[in-house]
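The values are calculated or read from the model by the stated rules, or taken from the named source; none is laboratory data. Since the model is a prediction, treat every value here as computed from it, not as a measurement. All Cβ positions, glycine included, derive from the backbone under ideal geometry; neighbour counts span all protein chains shown.
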Amino acid sequence: MFSDSLRIVWVYPDLLSTYGDRGNAHILATRAQRRGYPVEVLEIRSDQPLPATADIYLVGGGEDGPQALGAQRLIADGGLHRAVAQGSVVFGVCAGYQLLGSSFFAKGTKCAGLDLLDLSSDRGPARAIGELAGNIDQRLGLPPLSGFENHGGRTHLGPEVSPLAQVTAGIGNDTKTEGAWRGKLLGTYSHGPALARNPALADLLLRWAVGVNQLPPLDDTWSERLRAERHAAVVATARP
Ligand code: GLN
């Protein structure tokens with residue numbers, strides 16, 4: 001996998017890019033470059049074969065139709081399965097998170113997912129829209145998650161995955177847990193450019209990709225201040 005240059009694949013920007021998902025590729029690339037790693041970002045449309053030899057794959061959010069089509073094409077392509085078998089990092093956001101599981105619902109129809117994570121999604125009583133916050137699994141050693149969510153699905157985790165976070169505001173998977181991770185695969189309902197607001201999460205993905213326990217620190221004063229402010233504000237209003 002990682003040799004001397006970091007390869008990031010933005011998966012299907014023509015289908016899975018509802019809320020500025022390009023931002024996650026940008027954040028990862030700039031944070032890696034500032035540590036001296038050469039970076040290549042590949043944008044692979046859904047009519048192109050997915051290279052199986054990249055270090056990080058970003059699977060973004062999408063409306064039901066593009067989500068179902070994206071899952072079909074990813075299953076038929078097989079590149080993401082090959083990449084995971086070789087140890088690549090995968091970051092899934094919302095629709096991109098749901099389609100990593102065994103199944104999800106789109107426009108009332110049950111659709112097959114990629115079955116890379118032990119989870120499945122159905123529909124909730126109402127759309128979950130708003131701020132999302134949670135305390136991240138202690139084993140990952142990250143500050144609380146702060147984000148925005150917009151999804152109709154609810155996600156149920158099986159025993160092979162761990163929740164990414166315990167919800168302190170918003171809905172996430174099911175009002176209790178948010179997101180999931182196993183190995184170097186991680187999914188979240190924190191929408192769009194989630195890594196801009198959660199730089200420590202971006203660095204976790206980079207550390208997994210390059211195989212180091214630590215990266216040189218960057219000055220994250222402003223993003224940390226925004227993340228902490230939003231987190232404190234939404235938790236205060238969500239749980240009086
Ligand atoms: N279509 C999915 C849902 O509504 C995912 C939406 C999204 O990516 N924002 O649950």
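Structure notes:
- Within the stretch 172-197, tally of residues that are surrounded by 15 or more Cβ atoms within 10 Å (Cβ to Cβ) and farther than 16 Å from GLY96 by Cβ: 4
- Options GLY187, GLY179, GLY172, GLY192; residue that is under 19 Å from ASP21 (Cβ atoms), part of a loop (DSSP other than H, G, I, E, B), at pLDDT 95 or above and not charged (D, E, K, R): GLY172
- Strands (runs of 3 or more DSSP E) contained entirely in the stretch 77-154, each with at least 2 residues that are surrounded by 15 or more Cβ atoms within 10 Å (Cβ to Cβ): 89-93, 103-106, 119-136
- The residues on offer are ALA169, ALA165, ALA236, and the sole one that is out of contact with any His (no Cβ under 9 Å at 6 or more places or on another chain), surrounded by 15 or more Cβ atoms within 10 Å (Cβ to Cβ) and aliphatic (A, V, I, L, M) is ALA165.
- Any hit, the stretch 116-124, residues being within 20 Å of ARG230 (Cβ to Cβ) and away from the ligand (no atom under 16 Å from the Cβ): no
- Pick from the stretch 54-71, criterion near the ligand (Cβ under 9 Å from one of its atoms) and over 30 Å from SER3 (Cβ atoms), ranking: surrounded by the fewest Cβ atoms within 10 Å (Cβ to Cβ): GLY65
- Pick from the stretch 141-156, criterion modelled with pLDDT of 95 or more and more than 16 Å from the ligand (Cβ to nearest atom), ranking: nearest to PRO199 (Cα to Cα): LEU142
- Qualifying residue in the stretch 129-136 (condition: within 10 Å of the ligand (Cβ to nearest atom), hydrophobic (A, V, I, L, M, F, W, C) and under 18 Å from the mean Cα position of the chain (by Cα)): yes
- Selection of first residues in the stretch 37-66 that are more than 20 Å from VAL212 (Cβ to Cβ) and in a loop (DSSP other than H, G, I, E, B) and of second residues that are at pLDDT 95 or above and among the small types (Gly, Ala, Ser), restricted to Cβ pairs under 6 Å at least 6 apart or on distinct chains, gives the following pairs, ordered by first then second residue: LEU50/GLY79; ALA52/GLY79; ALA52/ALA83; GLY60/GLY96; GLY61/ALA95; GLY62/ALA95.
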